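The values are calculated or read from the model by the stated rules, or taken from the named source; none is laboratory data. For clarity, every value in this text was computed on a predicted model and none was experimentally measured. A quick note on method: Cβ atoms are made from the backbone with ideal geometry, for glycine too, and the neighbour counts reach across all protein chains shown.
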Amino acid sequence: LIALANGALTPTITSLLSKNSSEKEQGRILGLGQSVSSLGRVVGPFLGGWLYGLHYQYPYIGSGFLMIVCLLLAVRLVRGRLSPG
């Protein structure tokens, strides 16, 4: 299930990054996107384990909070693109 989700998500994110950057900046933006993705794969398990050590529910609460922050950022991005002017 994780591999299926990752297989669907990675090309989508790469496409969004390339389409929302200028031709001149595409390489830098795509490299930054891969770097952030790798950082998440390193920091995520460490942080999740640390939170689990504090209380078994904290990783789930932290993930939910992170998802809400990402949702708010995505809504802000979409609103900025759809606003006139």
When segment 1-15 is checked residue by residue, the ones that are farther than 15 Å from Val36 by Cα and aliphatic (A, V, I, L, M) are Leu1, Ile2, Ala3, Leu4, Ala5, Ala8
Go through (1) surrounded by fewer than 11 Cβ atoms within 10 Å (Cβ to Cβ); (2) part of a helix (DSSP H, G or I); (3) not charged (D, E, K, R) and name the single condition Thr10 misses. (1)
Take the residues of segment 69-85 that are over 19 Å from Lys19 (Cα atoms) and not in a helix (DSSP H, G or I): which is modelled with the highest pLDDT? Pro84
Can you find a residue in segment 48-56 that is of a type in the set (A, V, I, L, M, F, W, C) and modelled with pLDDT under 95? no
Considering only residues that are over 13 Å from the mean Cα position of the chain (by Cα) and either closer than 17 Å to Ala74 by Cα or among the small types (Gly, Ala, Ser) (or both), which ones fall in segment 6-43? Gly7, Ala8, Ser15, Ser18, Lys19, Asn20, Ser21, Ser22, Gly27, Gly31
Can you name every residue in segment 21-56 that is out of contact with any Leu (no Cβ under 9 Å at 6 or more places or on another chain) and either among the charged types (D, E, K, R) or assigned to a loop (DSSP other than H, G, I, E, B) (or both)? Ser22, Glu23, Lys24, Glu25, Arg28, Arg41, His55, Tyr56
How many of the residues in segment 13-44 are more than 26 Å from Gly64 (Cα to Cα) and surrounded by 10 or more Cβ atoms within 10 Å (Cβ to Cβ)? 10
